[in-house]
Structures are given as C-alpha cells and as structure tokens.
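Below is one structure, written out as structure tokens; the observations come after it.
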Amino acid sequence: MARIVGIDLGTTNSLVAVMRDGRPEILPDPHTGSPLLPSAASLLPDGTFLVGESARRRAALHPHASILSVKRFMGVGLEHVDDQDRREHVFDHGTGALQIVLEDGSGGTRKASPPEVSALILRELKRRAESALGEEVTRAVITVPAYFNDSQRQATRDAGRLAGLDVLRLVNEPTAAALAYGLDKQEEALVAVFDLGGGTFDVSILQLREGLSEVLATGGDTRLGGDDFDRRVIALLQTELGGDAWSAEDLAILRDAAERAKRELSGTHVATVEVPLGSGTRIVRLTREAFEAASTDLVERTISRCRQALKDAGKHARDVDHVILVGGATRTPAVRRAVEGLFGKAPHADIDPDAVVALGAAVQAGILSGGSSDMLLLDVVPLSLGIETMGGVFTRLIDRNTTIPAAAREQFTTAVDDQTHVEVHVLQGERELARDCRSLARFRIPIEPATAGLPRVEVTFLIDANGILSVSARDVRTNREHSIEVKPSYGLTEEQMENMLEEAFDLAEEDFAQRQLLEARVEAESILHATQKAERLHEQLLDMAERAIIERAASDLREACTGVDHNRIRDLIEALNEAGRPFAQRIMDASIKVALESKSAYELAG
Amino acid sequence: MQALPQDTDYFAVLGLPPHPGLDGVDLDRRYYELSRKLHPDRYQTRPIEEQRASVQATALLNAAHRTLRDVEARGRYWLVRSGDSLARENQSVPPRLAAYVFDVQEKLADVRASVNGSASALRSELVETQRELTERLDRQRAMLADMLRGWPAENLAAGASPTPDERRPAALRELKNVLSELSYLRTLDRDLQNALEA
C-alpha cells in the first residue's frame, strides 16, 4: 500500500515527513537539502506562483504579490483580519469566502483564497515526498493548531483536497509533538506541550497511559507567535534608526533584520545587524535585555494561557511530568526561562523544535497505515458546540474538551403557536449568548404546526474522529429528518471547490525545469537589484575598473535571464557575487566605522 | 447518518455491573481497552460501514466514560436511569440550604448596592465567602460519592425475582436532594465569581 505522509502545514514554515524503518524522518528539499519549506507564495507576472524559499525572498521586493503567513487567514472572515495584516495585504470578501488580492506586477490583480494558497504549499510538499520516495503520494495526515475551530479545520482539509491529497486525519500539533518524543510509550505521564510557532501559540495538557494519549485540555491564542516577537524587534530597530516613513520594501528588510537579530540574541547578549535600507545600509546593535523588556507581555501571555489550560485539565503545574517545546520561537531564552519557571522543570528540546510536529504527524500516519498497532490517539473538541435557543441563548450539546468521536442528542420544542418550521442555528464557543459565539451553520426543519411547547424536535450532533461535525434534526411526531454536514460559514462552497480543483489540475504539472528557471530568475532579480542599489549608494567606494567588472557580470546575468538555462543563471549569479565581494566588504567596513563613530560621538556628548 | 442505539446503558457499554459506586473498578483501564478495539483509527482501511459503526460505538463509549468518571454526572445519570431526573428549570432553593443561600445572597446584594468607599472590605468578605463555598461544594461531592458507594444493590441473581429493596425509593429521594443542592451551590458559586469579576 502506498505510504501516508505526515505534514506540518505551519504559519511560517512547512515540512513533510514519513515513517521509514519504524522511525519518522523529514523529507528535505531534494535540491537544497533544507528540511523547511517557507510557507510563502508569490504571484509571478505570467500568472503562475512561486512557492517556498524563492517566494519568501521575492516577497521582499514584491510584497503585494506575495503571502508569507497564509495560515492566519485559513477559515476566518474579514472581521478577524487585524490592522497589521490589512496594512500588508488587500482582502476581498465579495463572494463570501475571504480572498487575498495579489498584484501580478503588470498592473493586474488576482484573487486567491487561503485554501488555494495553502494548497500550493501542500503541492510542493507532495512533490518533495514523491521525489524522495519514488512513488506517488496521495494520502496525508496534516497537523493543525489545537485551537483551530471547525471552519479553520475544514479550510485545511479543502487545501489538502485542492493539492490532490486525501487528508486522512487532522492531528493537533502538540499531540503530534508528544508522539514524536515517543512519550506515549511511557507507563503513565502528564505532558504539557508548549508550542510557540511563527503565528500561533498552543498549549496542550496530555495524559499518556499505556500507549494511549489523551488530550485533557487545550488552550492558546491564534494570534500570538514568533511574528509578534519579530514585530517588537522591528519597533526597536525603528526607534534605533529614527524616522517614520517606511516603504513596504524597507519594512520587508526590517522584518528580515529583526528575524536575524532575534536568532542571534538567542545565543548572545548583544546582536549587531546590518539593515540594508533604501537610504543606505545601517548597522544596529540590540541587547537581549532590550529585546526581553520589549516582549515581556508576550511571554506573560503564553504563561497565563498555560495556567488556564492547566485549570481546564484540573491539574497543577507541579503535576506535569514532561514539558515539550515546539516551534522556532521557543529558542528564545526568555521563553524557556518562563516555561521552566512555571512548571519547575527543564523542558524537552532534544528534537529540533521546528521538525518535531512533522515527525509526530508521520508517526500518526504510520498508525493509520496499520504499521504500528500499539498506539492510539484520543483527541478532544477544542471548543463547545451547541445551538441557539429562545432569547438568543447558546445551549451546549457538546462541551469543550470532550473526547472525540462524540455524539449528543437533545429534544427541543417551539416557543410560538403553530410554527411551521424551526430554525437550527449551530454555534461554537464558550460564551453564554449566541451572538458572542461563532456561527457554523443554520438550517430549517419543517414541523407539524401545533401549540407552542407541544412539538418535539430532536437535534443530534456527531463529531467524527477528525473533529468534523454533522448535525441532524428530526420532528419526533412525523419522524421527518433533516441532516447537514456542517459547512463552515467562511469555508468554500462546493461549487467554488470544484472550480478551484479544475484550475488546480490545469496548472498542476508545470514541469520541474520550468520551476527551477523561475526560481533562478527571482534570485537573479534580487541580486541585480541589490547590486544596483549598492552602486548608487556607495559610489565613492567603487573605482572605475572594479565597476566595469561588476557591470560586466551584471549584464551577463541579465542576458542569461532572458534565456531558459537555469544552470547558466545560477553560475552567473555566483560570478556576480564573486565580482562584487571586495566592494561588499568595503561597504560593510564603512558601515561599521560609521556605527562606531556615531557611538563615540554620542558617548562624548553624554 | 444513523441514529445512535436508543437507551444504551452506560454501565453495559463499559461492561460493568450496574452499580453507581463503581467500587474497585478501574474505569479508565476498561475505557482504554475498549478504545483500542473500537476507535476509528483502527478501521481506516476497513469498509465504510465498519468505519461508521466504529465512530458510533466510540462516541457512545466516550459519552459513557465521561459520564461515569465524574461523580456528579454519574449521580445524575443514575437518577435518570432509575426513572427520575432533576427538573431542568429547578430554581427553587433546596430547603436544607435556605439559611445559607439567604446569607450569601444578602452579601451579594450589599456588594451590588455598595459605593466605592466600602467596596474593598465587602470584596474581601466575598472572597472569604467563596472559599467557604468551595469547601462546601467539596463536602457535598464527597457526600454524594459516599451515597453512591453505599447504594443498595439490585438483586441480579439469575432467575431470582426482583425483590424491590425497601430502602431504594428513600435513597432515590435523597440522591435527588443531594444533586439539586450541588447544582444550586454551583449556581451560587458562579454568581459569586461574576460579582468578583465585575
């Protein structure tokens, strides 16, 4: 039987893994060897998309053609998009489902729904897996944040389908992490999984016993992650640099610099970063202290969500036997300190926190393939489910943290005489009033008219092992039944889905060399741009002879880009890099000198 | 979608003798054993009918486990199983709690009516009241657990004619009292919590 792959479809990066000889293994990019695929897509002028590293790099130059964190928009409505995101992207909500409007670079635009964009990423991972395994891959286990609601989960399944993958199971990311650590083999253990990814924070409390893993409680924040820490660093950089007019290009450069600074500060107490702004390259020094002061509240938020999850699980921090760190942002020392402080024990971090979820997804894929038979995951619903009853009250049928599959059935009656139908409004949330909960679906069921209070309508909820809800309602007296599979309000309609599938398959098999070429061209474009900028800004550091050499290399590269030989383009990129290396070194030296001079001037003044 | 089997007994689902005390029963172990057999993950490669049946069976198993593992849920279930139930809109004060409830509600009314000056003293009094109430809830749950453990056994011997135990109707009445008191105390606790958060 064909293998099932495990996929971590992350906000910032995505990975694919598979079981090989009883062990989970990441399948890296066959060409670069990188285990991570940046979850980035960028629209090219010819209407096709670049995906992954080249898209992420292209985003710096073409922010309005690119999407970096599409997972934020999966299964949400326009009202859930925050100001920061609105500044970065244009959204359209015309047809019901949220769409992102991308500029194609030749004056036109193209709308893309979040599942479509995610499907591009999934298709890339599928290709990766197929090239590594030498066989077709059609089935996958995909991980989602434990906090994802029904619409977001459905959107993820839609993305899988668009990518030509049968999504056998959605697994909560923290649960996958525990599987990767093999903690399910423990006799009995209480595990907290602290997952601070690029864009989401999740904490799960798992009870492991005799090869069974049970989620006792989950908590978190869909809008808290490493990106938020980056934004704090960006703000620090902006203060250091002065000025307030930041072009989109500058902001992208700042974001890159912030990421580098943050990474560096995980290992050292002072980071020095180069910020190649449009107005000139600047060198900025940041201390870990300043970074930690600027992000205290973010760390605090993660800890308070941990406390809530512990409370929901009915456990104390000291009861926890193992703490697992997941997500690149857990490399931040302040985060580790806070986690250790809360639980009173050092967290596990032996497995690369970026890879651990994908590895766990592969383990679950192995379970579903029948490969390993002594493990079983017991999962819970993340949010309560119910219906609206008289007075706009939310009546729960299934409580948060109920183990799935789950079913519940209740009888309801009418409030008004001679009603000819009742409306079943399906909701999800923890609030008392229907209007404060998320609407998942509405449907009407005709009933035999009668005096108020006499009709009996039996409503049944059934959640399958994937957390997908179906609802049915039955007029008990006539035995007429209406059932629906809950179509989330922000999801795609069946028709939209069909159209997208057709389009997807039309575009699907652009050949590999073509993609290599596109990626090489993007890289060339970005180095040519950088070279031109450096020449303009640092004219005084360049003599005629050297300029001639660089210009020659640049023009060779430009010429090669009009051709179709990606290897030649790669070679000439390298040549241009080589030709410009002494020049780049001088720019660097000069910037450092300026930085040192301005510092001593400041110290003298002080 | 198929309807769930009607009136399936939770004790039967878990293969346990129908006694609300669950004395000496490792409920979790039983539940895990059955989960291993029934869970949909085990049926991924089986025909669709088997997959559906597995979802239904596991949903029922999960409901049974969730109900029986919690003493209050188990008590309520036992009441329903014995043909009685707590009225859903039961808002009248349980007689044995009347004096206590009156006392707490008076404190709540004071806080609601208070102006800023006296609010903080009243607040700390309210915190103390809530702590007391938490203890009372714990005692009430312990009482319920004891009651369920000592529940008069049904005559289950094969062939024996069911001899209604004289004590059972009285025990059932008392179970209902204890449960409705518990429910009322929790409502009170929520009111206190709301007042403290306001």
Checklist entry - residue A:588: accessible area at probe 1.4 Å, nearest 10 Å²? => result 60
Checklist entry - So what is the relative contact order of segment A:62-116, in percent, for Cα pairs below 8 Å that sit 6 or more residues apart? => result 33
Checklist entry - Mind listing P(r) for segment B:1-74? All alpha-carbon pairs, 5 Å bins, whole percents. => result 3, 16, 26, 22, 17, 9, 5, 2
Checklist entry - Which trypsin sites (Lys or Arg not before Pro) from segment A:382-434 combine a DSSP loop assignment with at most 15 other Cβ atoms within 10 Å? => result A:431
Checklist outcome for this item: Expressed as a whole-number percentage, the relative contact order of segment A:377-457 with C-alpha contacts under 8 angstrom and at least six residues apart is 31
Checklist entry - Accessible area of residue A:89, 1.4 Å probe, to the nearest 10 Å²? => result 20
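Heavy atoms only, 1.4 Å probe, whole protein assembly: order B:182, A:78 by accessible area, highest first.
Order by accessible area, largest first: A:78, B:182.
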Next on the checklist: Please give the charge dipole size of chain A, origin at the Cα centre, charges +1 on K and R Cβ atoms and -1 on D and E Cβ atoms. Round to the nearest 20 debye.
Outcome noted: 1020
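Charges at C-beta only: +1 for Lys and Arg, -1 for Asp and Glu. How large is the resulting dipole of segment A:1-132 about its Cα centre, in Debye rounded to 20?
340
Working with all protein chains in place, sort A:483, A:204 by solvent-accessible area computed with a 1.4 Å probe, largest first.
A:483, A:204
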Next on the checklist: Taking loop as defined by DSSP and a crowding limit of 13 other beta carbons within 10 Å, which GluC sites (Glu not before Pro) in segment A:74-152 fit?
Outcome noted: A:135, A:136
Checklist outcome for this item: Counting sequence-distant residues (5 or more places) and residues on other chains, those with an amide H built under 5 Å from that of residue A:433 are A:394
Item to check | Dipole of the protein assembly as shown, positive direction: furthest Cα of B:82, A:10, A:592, with charges on the beta-carbon | outcome: B:82
Next on the checklist: I'd like to verify something in chain A: which complete DSSP H helices, judged by Cα projection on the helix axis, reach 30 Å or more and average at least -1.0 on the Kyte-Doolittle scale?
Outcome noted: A:288-313, A:512-537, A:566-605
Next on the checklist: Apply the a/c threshold of 1.5 to the C-alpha gyration tensor of the protein assembly as shown and tell me whether it is rounded, prolate or oblate.
Outcome noted: prolate
Next on the checklist: Pairs of alpha-carbon atoms within less than 8 angstrom and 6+ residues apart define the contacts here; what relative contact order does chain A have, in percent?
Outcome noted: 13
Next on the checklist: 5 Å is the cut-off here: which amide hydrogens, built 1.01 Å from N in the peptide plane, fall below it relative to residue A:442, excluding neighbours closer than 5 in sequence?
Outcome noted: A:426
Checklist entry - Each label point is 7 Å from the Cα along the Cα-to-Cβ direction; what then is the distance between the points at residue A:83 and residue A:104, in nm? => result 3.4
Next on the checklist: My understanding is that a pair violates if its Cα-Cα distance is over 31 Å; which of A:111/A:262; A:262/A:345; B:37/B:176; A:311/B:176; A:533/A:593 do that in this structure?
Outcome noted: A:111/A:262; B:37/B:176
Next on the checklist: Full-extension gain between residue A:138 and residue A:307, please, as 0.36 nm times their residue separation minus the C-alpha to C-alpha distance.
Outcome noted: 56.8 nm
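The values are calculated or read from the model by the stated rules, or taken from the named source; none is laboratory data. All figures in this text were calculated on a predicted structure; none of them were measured in a lab. Backbone-built Cβ (ideal geometry, glycine too); neighbour counts: all protein chains shown. We work out accessible area using only protein heavy atoms, side chains counted, and drop any ligands, DNA or RNA first. Shrake-Rupley method; radii C 1.70, N 1.55, O 1.52, S 1.80 Å.
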